[in-house]
Amino acid sequence: MKKPIKRIVIKVGSSTVADSTGRLDRENMKQLVDQVARLWRQGAECVIVTSGAIAAGVEQLDLKKRPREIAKLQAAAAVGQGLLIHEYTRLFHEHGIQAAQILLTQFDMAHRELYLNARHALDQLLAMRVVPVVNENDTTTVEEIKFGDNDMLAALVAVLIDADHLALLSDIDGLYAGDPRKAEPATKISFVKEITPEIEEMAEGIGSSLGSGGMITKINAAKLVGAARISMQIVDGREPGVLQKIIDGEEVGTYFAPGKRKIPGRKLWLGFSRAVKGRVIIDQGAVKAIRDDGKSLLPAGVVDLTGDFTIGDTIEVSDAEGRVIARGISNYSAVELAAIRGKRTAEIAKEYAGDFSEEIIHRDYMVLI
């Protein structure tokens with residue numbers, strides 16, 4: 001049974017706010033804001049996580065199409081950011097609603113104090129009946145422009161404010177067993193109870209014509225919010241009245257059920273808000289110890305590692321087939337771990353004369369994926 005939605009995060013993708021030329025689609029932005037205003041009048045607390053700064057810059061700079069070069073993308077974002085929030089502010093003002101701009105970066109999410117400050121700011125805005133409009137700071141966040149999308153940012157914001165639901169507005173009206181934009185027919189999956197390897201395989205390779213993310217980024221977002229017991233939906237951002245349909249519990253797009261148990265917010269922050277700097281590959285015995293027995297990760301179970309991480313960095317833990325099973329804070333650098341991997345505690349104790357950590361990642365600083 002779907003729970004009532006009182007607090008919702010609405011992620012607006014590039015294909016929803018921009019037209020085929022890469023410029024702002026003001027008509028669709030208006031119908032989107034009209035929908036949010038209706039939810040607001042019904043008492044719902046709404047947060048928008050939006051793309052579109054680059055689209056607004058493309059229009060203002062009179063570029064023929066969205067550029068590919070990083071420097072030009074940054075320039076377009078710098079010009080467009082103010083124009084984008086101005087458009088949202090103008091549209092909400094027509095409904096007598098105040099909007100507020102929140103710019104976040106990975107740095108904000110990776111540092112606990114800044115993370116908590118962002119949460120307090122968002123909570124206060126919602127308490128004042130303001131609609132926060134959140135965006136990645138594309139002018140300085142090169143990695144997000146080049147590789148990412150706002151799907152994970154929206155998921156982090158949903159966890160940050162303890163939302164009831166995350167709605168991802170896209171140019172695809174859900175998850176399909178195949179790519180619906182190709183000639184062969186594909187079946188839409190309306191309900192996902194659990195994200196399995198088969199679900200992830202379906203998502204691979206399905207992207208967006210305007211955004212820089214794809215279906216796999218949406219599946220990763222579903223994993224994160226699901227672990228916080230937050231439901232998620234992928235819907236067509238141009239479908240009339242789609243947000244009301246979500247609130248009313250209608251079958252629209254693809255619905256991802258929340259997880260059965262809620263992982264503490266601190267562990268979610270450790271596992272998902274901080275950039276991953278490396279990976280350790282472990283044997284099946286260590287997989288069982290971590291996944292089934294609730295143990296910490298010890299050097300003896302490590303068969304290989306990648307990345308140039310240091311003490312205190314977040315690293316992934318995967319099995320031999322490459323399936324990520326956990327993330328956590330490393331007690332070793334990559335260089336130190338390479339020297340002791342596969343060794344038992346007694347062997348390491350002889351080499352380090354007792355001055356070492358028994359665990360690579362302590363259970364208290366690890367979250368299962």
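The values are calculated or read from the model by the stated rules, or taken from the named source; none is laboratory data. These numbers were taken from a predicted model, which means no experiment stands behind them. A quick note on method: Cβ atoms are made from the backbone with ideal geometry, for glycine too, and the neighbour counts reach across all protein chains shown.
Among the residues examined, ALA37 qualifies as surrounded by fewer than 21 Cβ atoms within 10 Å (Cβ to Cβ), in contact (Cβ under 8 Å) with a residue 24 or more places away in the chain and in a helix (DSSP H, G or I). Restricting the range 122-161 to residues that are touching a strand residue (DSSP E or B) at 6+ places or on another chain (Cβ under 7 Å) and charged (D, E, K, R), the residue that is modelled with the highest pLDDT is ASP151. The residues on offer are ILE85, ILE70, ILE54, and the sole one that is in contact with a Lys or Arg (Cβ under 8 Å, 6 or more places away or on another chain) and buried (at least 17 other Cβ atoms within 10 Å of the Cβ) is ILE54.
Restricting ALA346, ALA338 to those that are assigned to a helix (DSSP H, G or I), touching a strand residue (DSSP E or B) at 6+ places or on another chain (Cβ under 9 Å) and surrounded by fewer than 14 Cβ atoms within 10 Å (Cβ to Cβ) reduces the list to ALA338.
So, in the range 245-281, how many residues would count as being over 26 Å from LEU337 (Cβ atoms) and in a loop (DSSP other than H, G, I, E, B)? Write out each step before concluding.
Residues of the range 245-281 over 26 Å from LEU337 (Cβ atoms): 245-262, 264-265.
If we keep only those that are in a loop (DSSP other than H, G, I, E, B) as well, we get 248-253, 257-262, 264.
Total meeting the criteria: 13.
Consider ALA167 carefully, then state whether it is among the small types (Gly, Ala, Ser), modelled with pLDDT of 90 or more and either buried (at least 20 other Cβ atoms within 10 Å of the Cβ) or farther than 25 Å from ASP19 by Cβ (or both). Taking the combined requirement at face value, the residue satisfies it.
Quick one: in the range 57-88, which of the residues that are touching a residue at least 24 places away in the same chain (Cβ under 8 Å), in a helix (DSSP H, G or I) and not aliphatic (A, V, I, L, M) is farthest from LYS30 (Cα to Cα)? Here the residue is GLN74. Of the residues that make up the range 322-332, is at least one surrounded by fewer than 18 Cβ atoms within 10 Å (Cβ to Cβ), in contact with a Ser or Thr (Cβ under 7 Å, 6 or more places away or on another chain) and either at positive phi or not assigned by TED's automatic domain parsing to the domain that holds GLY259 (or both)? Yes, some residue in the range 322-332 is surrounded by fewer than 18 Cβ atoms within 10 Å (Cβ to Cβ), in contact with a Ser or Thr (Cβ under 7 Å, 6 or more places away or on another chain) and either at positive phi or not assigned by TED's automatic domain parsing to the domain that holds GLY259 (or both).
From (1) in a loop (DSSP other than H, G, I, E, B); (2) modelled with pLDDT of 80 or more; (3) surrounded by 14 or more Cβ atoms within 10 Å (Cβ to Cβ); (4) not aromatic (Phe, Trp, Tyr), pick out the condition that doesn't hold for ASP179. Answer for ASP179: the failing condition is (2).
Taking ILE329, is it within 26 Å of ALA228 (Cβ to Cβ) and under 27 Å from the mean Cα position of the chain (by Cα)?
Numbers: within 26 Å of ALA228 (Cβ to Cβ): yes; under 27 Å from the mean Cα position of the chain (by Cα): yes.
Here the answer is yes, as ILE329 does meet what is asked.
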